[in-house]
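Colleague: For reference, the structure I am asking about is given below.
The values are calculated or read from the model by the stated rules, or taken from the named source; none is laboratory data. It should be emphasised that the depicted structure is a prediction, and the values quoted were computed from it without experimental measurement. Using ideal geometry, Cβ is built from the backbone for each residue, glycine included, and neighbour counts are taken over all protein chains shown. Protein only, heavy atoms only, side chains kept; ligands, DNA and RNA dropped before computing areas. Shrake-Rupley method; radii C 1.70, N 1.55, O 1.52, S 1.80 Å.
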2 protein chains.
Amino acid sequence: MRIKSPGYTECLGSVRINDVQQVLELDSGRVKELPLRENIAVQKIEEEVIKYFEERMAIVIPTKDEKLKLFEGVISGIPHECLIIVVSNSQRKRVDRFRMEKDVLKQFCRFTRREALIIHQKDPVLARALAEAGCTDILGEDELVRHGKAEGMIAAMLVAMAAKKDFVGFIDADNYFPGAVWEYARCYASGFSMAKSPYSMVRVLWRYKPKISTGMFFNRWGRVSEITNKCMNSLISNKTGFETDIIKTGNAGEHAMSLRLAEILTYASGYAVEPQELISIFEGFSGILPMVHLAAAKHGIDIFQTETRNPHLHEEKGGRHILVEMLLPGLASIYHSLLCEKETKQLIIDELLKQSAIQPDEEPPKPRLIAPLRTINMKKFTSVMTEHMNSYSALELEE
Amino acid sequence: MRIKSPGYTECLGSVRINDVQQVLELDSGRVKELPLRENIAVQKIEEEVIKYFEERMAIVIPTKDEKLKLFEGVISGIPHECLIIVVSNSQRKRVDRFRMEKDVLKQFCRFTRREALIIHQKDPVLARALAEAGCTDILGEDELVRHGKAEGMIAAMLVAMAAKKDFVGFIDADNYFPGAVWEYARCYASGFSMAKSPYSMVRVLWRYKPKISTGMFFNRWGRVSEITNKCMNSLISNKTGFETDIIKTGNAGEHAMSLRLAEILTYASGYAVEPQELISIFEGFSGILPMVHLAAAKHGIDIFQTETRNPHLHEEKGGRHILVEMLLPGLASIYHSLLCEKETKQLIIDELLKQSAIQPDEEPPKPRLIAPLRTINMKKFTSVMTEHMNSYSALELEE
C-alpha cells in the first residue's frame, strides 16, 4: 500500500494531529525497492508490515438488525490476520436475527478457517463480567449493557483486550463494498505502522460518499461531518490562536486505536462517541488542563487521518431526522468540553438553531460520559469471559 | 484469497467449462496452514501464488472519454505487480482528453514507482506496426486502427505480447470502486493458478450489479447477460443432448486469458467480442468441427467463471438503446456460429424480436471477424513498437 506522507502536523501540547493522507495505491506488491528511489512525499507500507499490525488488531463490527447480505459482505473483506469481533444488538424475539448473524459468521469461519467472536450486547454473562470488573457506566437499570452503539463498542474493546490484542478498529456493518472494508483495515494498519507513540489513533476520511437520489452524486463530505469539523477546528483555533482546519474526521465511524490509548480515554454515549474521543484527547493531553496520563503525555498521542481510495457506499437511513440525531450529540460533546470557550459555544448554538436541532435559549444536552477503562479490573472481566469464550467463538472445533 | 472449488465442470470436447466459483475471502493472509485442515470445497490461493501470476499479467484498460476521476480510481486498484496497459480512444481535438489521461497515469506512476503503457488507438506507429506485421483485420480505410472496443483490446493484447507477458486481463475504466478492480485482478490470478492447461480463460461474474434508479436495487444479473447466457447454453445443450446452464458469463467484459490462448482465437468487432471468444473456443476445441490447434486441443482449454465479493458499480450509460446495442452483436455471434442449429437460431430470433432489435424476417447481421493473432509476424510488430516504446511509457526516467 502506498500512502502520501502527512503534509502538515498540528501540535497541541502532546497531541500530534496529522493532516489528511491520501491512499495512492491499494496493493503495492511484494517487491521491495530501494528506499532511495522512493518519493519523499510518499510512503510505501510493505505487506509484511501491514500483516504484522493486522495480526495484533481486532476489528469490531457493531451491528443492529443489519441486512445479512451486507453483514456477510463486510466480514468477507476483513483481512484474515485480524480478529473479527461482532457486537450485535439485533433483535432476538420473534425473529432471532442475532442467531442468523451467528450462523452467517460460523459458516464464513468454517470455510475460511479463521476465528471470530460474536457477542450480543444484552448478553447476561458479558453484563456480569462488566459488573464484577467495576465497569458499571455502560450498564442500565436492568443490569445489562445499555442500548447504543457506544456501549457496544466499549464492551467490544474490553473483549479485544481480553483477547490480548494491541489495536482495535471499528467498521460499520452496513457497507456495500467488501473491497472498501479491506482498505479500512489496511489504513488502520498503515497508520499504526507510522506512529511514533504507542498511543495512537487512525481516523478514516472517505474520498467520496455517493448520494443516491436521482442518479449518483459524489459528495465530498457529509453535512454532519462538515459542521462537526468546523466546530472542533474552532475550538482548536481558539486555543492556539492560529486558525486551522486540521480536523477532517470529527465524526469518523471508521476509526481505530491502540488499546493503550483506548483504555485511557473518557467516552460518551450514542453518536457522541467518535467526536468525544478527540475531545478527551484534547482535554487530557493538550496541556491546557492537567495531563491525565503521564506516560502517554510523554510519548505523545498520534492522530492520523487517512483518505481512502474507495468511496463509501452504505445503507442510507432516513434524511433530516438522522442528520439532527447525529449532529446534536457530537456538537454537545464539544460544547460541554472544559476546553470550549464562548466563541465556539456560540458557533455551536448557531449551527444547531440553523438545523432546528434546539430551541432558542436552549443548550445542547450534556453528553453521558463513560469513565476510562483502565480503572476497571481486567483480570476479573477476563476470568468471567474466558469461562464462556466457547459460546462466543464462531469457529467450531472439529471432532 | 479463498475461493470455492468449482462444483461442476462441463466438458465439451477439449473444453472444460467450470461452474461459477464464489470468492469467500478477499485477503486470506500470509499464514500458511496445513492443507489437511482445509475444507475440500474451498481453495486457498496463497499470496505468493497470486503475486507470481500478477507479475506475469498485463491489465488492459480500454477507455474512451471516461471521467478522469473514475480512470484514476481504476488504476489505483490494480495490484502493483501487474503491468498496466491503457488503450485509449479518447478525443484529441478541441480538448485533448488523451493527454489528460496520460498526465494522470504519469503522475500515478511517478508516485507509485511502477511502469505502465498508454497508447492511443489511432496512434500511427501502432497502425504501422500492425500493418507491417500483417494484422490488417483491425485497420480501417484510413490505415489506422478502427474505432471500437474490440479493436483496442486486440491491439493491447499484441502490446502485452511484445512486453513478454503471459496473461492479459481486461478491466473497464468506468468502475467506481478501486477495491473491486483489485479483486478482479486477483480473480484472474487465482483462476490461472488453478488451470491445468496453459490455454486458459477467467471470466468474472458480478455478485450484484446495483441499479440506481429510485434508491438502490441489487440486480443479480443484467438483462443482456441473461439473454446471451440463455442462447449460449441452448447451443451447448443441443450439442451434448443434456440441458445445461453452465455459461453465466457470456458477456463478461471483465475477463482474462493466457496469451497462448488469446493468440489462437478468432475475435469479433464491437460488443460481440466477449461472446465470440467463447464461440471461437467451442468451434475450435469442442471436437464437433476440426480442432484448430493441436497442442491446445491436447492440453485442453480451461474456462473459469468467478463470482466476485464486490458488487459492480459502474457508470450507467443509456437505457434501452444500449441494451439492444449490446444484445444484438452478442446474439449474432452465436447465431452465425457454424455450431448453431435451428432451435438455438429460432430462440435468438425470438429474443431479438421481443426486444425489437430486428424486424420480422430479418436475421441478425453477421459479425465482423478478426483472424487469430498467431498468424501475424510478432517480430516485426515488436521491432516497430520497441523503437517508440519510450513515448508509450508512463514512468519517466529520472535524471
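Colleague: With every protein chain present, what is the per residue accessible area of the range B:104-253 (1.4 Å probe, Å²)?
Modeller: Value for the range B:104-253: 33 Å² per residue.
Colleague: Let me ask another. From the label point of B:Asp350, set 7 Å from Cα along Cα→Cβ, how far away are the matching label points in the other copies, in nm, ordered shortest to longest?
Modeller: The answer, with the shortest distance listed first, is 7.0 nm.
Colleague: Related question: Among DSSP beta bridges lying fully in chain B, give the percent that are antiparallel, nearest 5.
Modeller: In chain B, approximately 50 percent of DSSP beta bridges are antiparallel ones.
Colleague: In nm, to one decimal, how far is the modelled label at A:Gln22 from the one at A:Ala371, with both set 7 Å along Cα→Cβ?
Modeller: Taking the simple label geometry, A:Gln22 and A:Ala371 are separated by 4.7 nm.
Colleague: Can you tell me how chain A classifies by the Cα gyration tensor, rounded, prolate or oblate, using a/c under 1.5 as the rounded cut? Walk me through the numbers on the way to the answer.
Modeller: Details: a/c = 1.34, a/b = 1.13, b/c = 1.19.
Taking the square roots of the gyration eigenvalues as a ≥ b ≥ c, chain A is rounded.
Colleague: Name the residues whose placed amide hydrogens come within less than 5 Å of the amide hydrogen of B:Leu12, ignoring near sequence neighbours (fewer than 5 apart) on the same chain.
Modeller: Amide H to amide H, under 5 Å and 5 or more residues apart or across chains, B:Leu12 pairs with B:Ile17.
Colleague: Here is a further query. Would you kindly work out, in nm and rounded to one decimal, the distances from the label point of B:Met291 to those of the same position in each other copy, ordered shortest first, with label points 7 Å along Cα-to-Cβ?
Modeller: Inter-copy label distances (nm, one decimal, shortest first): 7.8.
Colleague: Mean-square fluctuation check for chain A, GNM, Cα pairs under 10 Å: which of A:Ser286, A:Ser383, A:Ser258 is largest?
Modeller: A:Ser383
Colleague: Hey, another quick one. Under 8 Å for C-alpha pairs, at least 6 residues apart: give me the relative contact order for the range A:223-336, rounded to a whole percent. Walk me through the numbers before you get to the answer.
Modeller: On the way: 98 pairs, mean separation 36.5, N = 114.
Value for the range A:223-336: 32 percent.
Colleague: OK, next. Between B:Lys380 and B:Lys164, what is the label-to-label distance in nm when each label sits 7 Å out along the Cα-to-Cβ direction?
Modeller: Using points 7 Å along Cα→Cβ, the separation is 2.4 nm.
Colleague: How far, in whole Å, is the nearest Cβ of chain B from the axis relating it by rotation to chain A, and which residue carries it?
Modeller: Result for the axis mapping B onto A: B:Gly179, 1.
Colleague: What is the protein assembly as shown by shape, rounded, prolate or oblate, if you read a ≥ b ≥ c off the alpha carbon gyration tensor as root eigenvalues and call it rounded for a/c under 1.5, prolate for a/b larger than b/c, and oblate otherwise?
Modeller: Since a/c reaches 1.5 and a/b is larger than b/c, the shape of the protein assembly as shown is classed as prolate.
Colleague: Compute the relative contact order of chain B as a whole-number percentage, counting only Cα pairs closer than 8 Å that sit 6 or more residues apart in sequence.
Modeller: Numbers: 775 pairs, mean separation 91.6, N = 399.
So the answer I get is 23 percent.
Colleague: Taking 25 Å as R0, compute the FRET efficiency from the Cβ-Cβ separation of A:His388 and A:Glu141 and round it to 0.05.
Modeller: 0.60
Colleague: Taking H placed 1.01 Å from N in the peptide plane, check which residues at least 5 places from B:Ala116 or on another chain put their amide H under 5 Å from its amide H.
Modeller: B:Ala394, B:Leu395
Colleague: Continuing with the same structure: Could you work out what % of the accessible surface of the protein assembly as shown is carbon and sulfur, using a 1.4 angstrom probe and leaving DNA, RNA and ligands out of the count?
Modeller: Values: 17030 of 32060 Å².
Accessible surface attributable to carbon and sulfur in the protein assembly as shown totals 53 percent.
Colleague: Also, I was wondering about something else. Can you work out the PRE-style zone for B:Thr240? Point 7 Å along Cα to Cβ, and I want the residues of the range B:1-30 with backbone N under 17 Å.
Modeller: B:6-21
Colleague: Still on this structure, I have one more. Rounded if a/c is under 1.5, else prolate if a/b beats b/c, else oblate: with a ≥ b ≥ c from the C-alpha gyration tensor eigenvalues square-rooted, which is the range A:117-176?
Modeller: Because a/c hits 1.5 or more and a/b fails to exceed b/c, the range A:117-176 counts as oblate.
Colleague: Still on this structure, I have one more. Go ahead and run the numbers for FRET between A:Glu325 and A:Val125, Cβ-Cβ distance against an R0 of 22 Å, rounding to 0.05.
Modeller: Using R0 = 22 Å, I get an efficiency of 0.10.
Colleague: Quick one: putting +1 on the C-beta of Lys and Arg, -1 on the C-beta of Asp and Glu, what dipole do you get for the protein assembly as shown around its Cα centre, in Debye to the nearest 20?
Modeller: 240 debye
Colleague: Related question: In square angstrom, rounded to the nearest 10, how much accessible surface does A:Leu328 have for a 1.4 Å probe?
Modeller: Here the residue's solvent-accessible area equals roughly 40 Å².
Colleague: While we're here: Quick one: label points 7 angstrom along Cα→Cβ at A:Leu369, distances to the other copies in nm, smallest first?
Modeller: 8.0
Colleague: Counting only DSSP beta bridges with both residues in the protein assembly as shown, tell me the antiparallel percent, nearest 5.
Modeller: 50 percent
Colleague: Using only helices, what value at 222 nm comes out for chain A when you add -39,500 (n - 2.57) per DSSP H run of length 4 or more and divide by the total residues, to the nearest 500 deg cm²/dmol?
Modeller: So the helix-based figure for chain A works out to -12500 deg cm²/dmol.
Colleague: Also, I was wondering about something else. Compute a Gaussian network model of chain B, connecting alpha carbons closer than 10 Å, and tell me which residue from B:Asn377, B:Asn89, B:Asn229 fluctuates the most.
Modeller: Fluctuation is largest for B:Asn377.
Colleague: Here's a follow-up. In the range B:132-178, which GluC sites (Glu not before Pro) fall in coil by DSSP and have 10 or fewer other Cβ atoms within 10 Å?
Modeller: In loop regions of the range B:132-178 (DSSP not H, G, I, E or B), the sparsely surrounded GluC sites (Glu not before Pro) are B:Glu141.
Colleague: Among A:Ile303, A:Ile358, A:Ile45, which one moves the most in a GNM of chain A with springs linking Cα atoms closer than 10 Å?
Modeller: A:Ile358
Colleague: So, one more: Given the whole protein assembly as supplied and a 1.4 Å probe, what does the accessible area of A:Asp19 come to in Å², nearest 10?
Modeller: 40 Å²
Colleague: Label-point separation (nm) for A:Asp96 and B:Glu132, each offset 7 Å from Cα along Cα-to-Cβ?
Modeller: A separation of 7.4 nm, rounded to one decimal place.
Colleague: Now a separate question. What stretch of chain B, leaving out the sites themselves, is the longest with no trypsin sites (Lys or Arg not before Pro) in a DSSP loop having at most 14 other Cβ atoms within 10 Å?
Modeller: With trypsin sites (Lys or Arg not before Pro) excluded where exposed in loops, chain B gives B:221-316 as its longest stretch.
Colleague: Can you give the FRET efficiency to the nearest 0.05 for A:Asp361 and A:Asp65, using r as the Cβ-Cβ distance and R₀ = 35 Å?
Modeller: Efficiency computed from Cβ-Cβ geometry: 0.40.
Colleague: Estimate for me the total accessible surface buried between chains B and A (protein heavy atoms, probe 1.4 Å, no ligands or nucleic acids), in Å² to the nearest 100.
Modeller: Working: alone 18270 and 18240 Å², together 32060 Å².
Adding both sides of the contact gives about 4400 Å².
Colleague: Follow-up question, since we're still on this one. Let me check against my output: what whole-number percent is the relative contact order of the range A:9-135, with C-alpha pairs under 8 Å and at least 6 apart? Numbers along the way, then the final one.
Modeller: Numbers: 113 pairs, mean separation 23.4, N = 127.
Normalised by residue count, the contact order of the range A:9-135 is 18 percent.
Colleague: Additional query: Take the cross-link list B:Lys164/B:Lys196; A:Lys64/A:Lys164; A:Lys196/A:Lys379; A:Lys44/B:Lys106; B:Lys230/B:Lys354 and give me the ones stretching past 24 Å between alpha-carbons.
Modeller: Over 24 Å Cα-Cα: A:Lys64/A:Lys164; A:Lys196/A:Lys379.
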